[in-house]
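Reading through the structure tokens given below for one structure.
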Amino acid sequence: MHVSLFHILLALVALAEANYKILFYWSVDSDPQTQKKVIDNVAHAKSDDQGGPNCCHVMLSHYAGNASDWDQTWYQQHVVLNRSGSGFKYRGLKELYNSGEFHGNWADHYEWVFALDSDIDLTALDFPRFFELARNSGAVIVTPTFTGPSGQWANFNLKSQENNKKDDYKSNRHALSRVFDSTGAALKFTDHVVDEDADALKTHEAVALQIHVLGRPDENCQYRHTSYVEMTAPIIHMKVLDLVLNQCEGCIGEKAEWGLDRVWCNHVKKGTGIDKPCAYVDETSVQHLDWKKAQSSVSNGVLKDSENAVKKSHGNEWASVEMIDCIPRPGKQASSPPTGPPVNGVAPNGIAIR
């Protein structure tokens with residue numbers, strides 16, 4: 001039987017990828033609910049029908065509590081590096097990456113870093129299929145799509161129509177929000193005027209605690225290339241991790257990092273030449289439990305300030321939220337990207353540009 005050189009090389013690439021581990025990373029407190037969810041997720045990932053016992057490592061950033069609060073037997077078996085201290089998820093990841101405390105270069109050990117919020121349930125995720133589709137996409141920042149409570153879906157346009165030259169939220173006069181149930185049907189639609197700082201922060205808080213509607217699974221697509229990927233549960237390829245963590249100046253602040261997800265796709269595209277660096281995988285979804293643990297930080301305006309700072313310093317990389325293309329599932333017709341100009345800040349596919 002004749003075997004082409006191409007197929008031999010393809011097999012060697014697949015074998016090389018199989019020898020790299022996945023790094024699971026969480027920013028966690030010590031709540032028993034959090035501990036159980038992380039432990040259950042790791043158990044599923046390492047089960048024989050998923051990645052197997054040697055598939056992956058775990059790193060934890062303890063923003064509340066510390067390692068001693070956790071089951072020590074489990075911790076010693078699975079966690080290869082940790083930190084304790086304040087800060088949001090990507091600040092903790094950056095500190096771990098730059099700490100020099102891990103034995104060796106991360107790129108020599110890992111293919112992807114799975115940067116997860118603690119309220120993501122992975123126990124129904126088909127890991128082999130998810131990573132297969134992620135690799136097929138050619139993207140380097142990839143997220144599963146999301147299921148979960150009907151109130152999690154949100155779409156916001158906070159750009160002022162009266163004075164679009166001002167970007168601070170105090171001057172934004174109109175706020176549009178659309179919330180979807182798990183099938184995508186609109187549950188409510190509001191168009192209201194924002195006059196006070198408190199109302200602006202309340203609207204911004206809702207944005208921060210919900211999943212953008214782009215993250216709802218599209219039944220026609222295996223995956224979609226997009227201009228944006230949610231920070232909630234992405235996998236980040238090791239070849240761009242340093243570009244995201246250390247070479248996006250001002251994107252990961254001391255107090256917050258909101259706005260990072262609006263620039264990292266274009267930042268990576270600019271830094272690597274990858275034409276479509278971001279994608280949502282529709283065929284494999286995870287459940288968002290919506291624990292709202294960022295509530296206190298959002299309420300005092302920290303995230304709003306973070307987004308404004310990132311937009312100011314990386315305005316040329318700031319992305320509108322949109323689908324670029326859809327790779328169809330077998331027997332399905334590809335969903336089409338939106339065409340035509342936005343109307344009142346809302347693209348033809350119903351995705352608001354915030």
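With the requirement that a residue be outside any loop (DSSP other than H, G, I, E, B) and surrounded by fewer than 16 Cβ atoms within 10 Å (Cβ to Cβ), what does segment 118-129 give you?
Within segment 118-129, PRO128, ARG129 meet the criteria.
Inspect segment 160-169 for any residue being at pLDDT 50 or above and over 18 Å from the mean Cα position of the chain (by Cα) and give the result as yes or no.
Looking for residues that are at pLDDT 50 or above and over 18 Å from the mean Cα position of the chain (by Cα), one finds none in segment 160-169, hence no.
ASN98 is checked against (1) touching a helix residue (DSSP H, G or I) at 6+ places or on another chain (Cβ under 6 Å); (2) under 20 Å from LEU243 (Cα atoms); (3) polar (S, T, N, Q) and fails just one. What number does that condition carry?
(1)
From (1) in contact with a Ser or Thr (Cβ under 9 Å, 6 or more places away or on another chain); (2) under 19 Å from GLN35 (Cβ atoms), pick out the condition that doesn't hold for GLU95.
Here GLU95 clears every test but (2).
Cβ-Cβ distance below 8 Å, separation of 6 or more or different chains: which pairs start in segment 267-292 with a residue that is at positive phi and open to solvent by 40 Å² or more (accessible area, probe 1.4 Å) and end on one that is modelled with pLDDT under 95 and not aromatic (Phe, Trp, Tyr)?
Listed pairs, sorted by first residue: LYS292/LEU209.
Just the residues that are open to solvent by 10 Å² or more (accessible area, probe 1.4 Å) and either small (Gly, Ala, Ser) or modelled with pLDDT of 95 or more (or both), please, taken from segment 130-154.
Across segment 130-154, the qualifying residues are PHE131, GLU132, ARG135, ASN136, SER137, GLY138, GLY148, SER150, GLY151.
The values are calculated or read from the model by the stated rules, or taken from the named source; none is laboratory data. No experiment lies behind these values; they were computed from the predicted model shown. With ideal geometry, Cβ positions are generated from the backbone for all residues, glycine too; neighbour counts draw on all protein chains shown. When the accessible area is computed, the model is the full protein with side chains, heavy atoms only, and any ligands, DNA or RNA have been set aside. Shrake-Rupley method; radii C 1.70, N 1.55, O 1.52, S 1.80 Å.
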